[in-house]
Amino acid sequence: MAIPQQPEEPLKPQQQKWFDLQRRGVWIVAFFAVFIIVMIVGASVPLSPASAHTTYNQLQNEAKYTATVDLIFGHNFFLTLIMFTPFLGPVIGIFSSFSTGFALESIAIAKNESTGLLLGYLFLFPHTWLELFAYSLAMSQSAFLSIAIIRGRFRQELVRTCVIMVVCALILFLAAFLEVVSIILIGG
């Protein structure tokens, strides 16, 4: 006697994960590396001592007013929000990274210190890594938003973007707090 077989269920197309961490992780790591490389390139731009001192003095004047958690957070979060812009976010992030390197070179020349030493010093602080991670998240999400626009899936990606913006805000708030603590404790 033959055993009755149940009809096979049709195969369902594989559902896309809400947030494919592996695929997005590659983009985040790539933008993280690009950010660091461009910062190093910006720090390698030859500057005249006069130009370096002018930039250094401007940075010193701004630092007097920005050494609080709310102002540091506000500045970094504003930059991060701009980096979420579809198509332009990575370009804006790269410009920001280059500008950071350029500022470090100006400080190094004005203080007669090694740019490499200042860069190395910067990467000793956890706030640096947290900020770079938030910027990388924003730039990678900008790329995903751009792809979503091209594919006509902007609305679905917009929800993810809002979640990632909140994550970036939390990361940057923690980074700002740690940066202020480092400024108070060691003048970093």
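The values are calculated or read from the model by the stated rules, or taken from the named source; none is laboratory data. Here the structure is a predicted model, which means the values were calculated and not measured. No Cβ is skipped: glycine too gets one built from the backbone with ideal geometry, and neighbour counts run over all protein chains shown.
Among the candidates Val180, Val167, which residue alone is of a type in the set (A, V, I, L, M), assigned to a helix (DSSP H, G or I) and either in contact (Cβ under 8 Å) with a residue 60 or more places away in the chain or in contact with a Pro (Cβ under 8 Å, 6 or more places away or on another chain) (or both)? Walk me through it before giving the result.
Numbers: Val167 fails: either in contact (Cβ under 8 Å) with a residue 60 or more places away in the chain or in contact with a Pro (Cβ under 8 Å, 6 or more places away or on another chain) (or both).
Going through Val180, Val167 in turn, just one is of a type in the set (A, V, I, L, M), assigned to a helix (DSSP H, G or I) and either in contact (Cβ under 8 Å) with a residue 60 or more places away in the chain or in contact with a Pro (Cβ under 8 Å, 6 or more places away or on another chain) (or both): Val180.
What helices (runs of 4 or more DSSP H), lying completely within region 65-133, carry at least 3 residues that are more than 25 Å from Val29 (Cβ to Cβ) and of a type in the set (Gly, Ala, Ser)? Write out each step before concluding.
Details: elements: 69-83, 89-110, 115-122.
The qualifying helices (runs of 4 or more DSSP H) are 89-110.
When region 82-119 is examined, which residues are found to be without any contact (Cβ under 8 Å) to a residue 24 or more places away in the chain and polar (S, T, N, Q)?
Correct list: Asn112, Ser114.
Quick check on region 104-111. Is at least one of its residues out of contact with any helix residue (DSSP H, G or I) (no Cβ under 6 Å at 6 or more places or on another chain) and under 12 Å from Met39 (Cα atoms)? Outline the logic, then answer.
Step one: of region 104-111, the residues out of contact with any helix residue (DSSP H, G or I) (no Cβ under 6 Å at 6 or more places or on another chain) are 111.
Going one step further and asking which of them are under 12 Å from Met39 (Cα atoms), we end up with none.
No, every residue in region 104-111 fails to be out of contact with any helix residue (DSSP H, G or I) (no Cβ under 6 Å at 6 or more places or on another chain) and under 12 Å from Met39 (Cα atoms).
So which residues in region 145-182 are aromatic (Phe, Trp, Tyr) and at pLDDT 95 or above, if there are any at all? Reasoning before the result, please.
Step one: list which residues in region 145-182 are aromatic (Phe, Trp, Tyr), which gives 154, 173, 177.
Result: Phe173, Phe177.
Of Phe173, Phe123, which residue is under 19 Å from Thr66 (Cα atoms), in contact with a helix residue (DSSP H, G or I) (Cβ under 9 Å, 6 or more places away or on another chain), among the aromatic types (Phe, Trp, Tyr) and surrounded by fewer than 19 Cβ atoms within 10 Å (Cβ to Cβ)? Let's see the steps before the verdict.
Numbers: Phe123 fails: under 19 Å from Thr66 (Cα atoms).
Matching residue, one of Phe173, Phe123: Phe173.
Leu117 fails exactly one of the following numbered conditions: (1) of a type outside the set (Lys, Arg); (2) under 20 Å from Leu104 (Cα atoms); (3) surrounded by 13 or more Cβ atoms within 10 Å (Cβ to Cβ). What is the number of that condition?
The one condition Leu117 does not meet is (3).
Hey, does region 85-106 have a residue that's surrounded by fewer than 17 Cβ atoms within 10 Å (Cβ to Cβ) and among the small types (Gly, Ala, Ser)? Give the derivation first.
The initial filter retains those residues of region 85-106 that are surrounded by fewer than 17 Cβ atoms within 10 Å (Cβ to Cβ), namely 87-88, 91, 95, 99.
Subsequent filtering for residues that are among the small types (Gly, Ala, Ser) retains 99.
Yes, because at least one residue in region 85-106 is surrounded by fewer than 17 Cβ atoms within 10 Å (Cβ to Cβ) and among the small types (Gly, Ala, Ser).
Give the residues of region 83-107 that are under 15 Å from the mean Cα position of the chain (by Cα) and among the small types (Gly, Ala, Ser), sorted by residue number.
Matches in region 83-107: Gly89, Gly93, Ser96, Ser97, Ser99, Gly101.
Of the residues Ser136, Ser140, Ser146, only one is assigned to a helix (DSSP H, G or I), touching a Phe, Trp or Tyr at 6+ places or on another chain (Cβ under 8 Å), of a type in the set (Gly, Ala, Ser) and surrounded by fewer than 19 Cβ atoms within 10 Å (Cβ to Cβ); which?
Values: Ser136 fails: surrounded by fewer than 19 Cβ atoms within 10 Å (Cβ to Cβ); Ser140 fails: surrounded by fewer than 19 Cβ atoms within 10 Å (Cβ to Cβ).
None of the others qualify; the one that does is Ser146.
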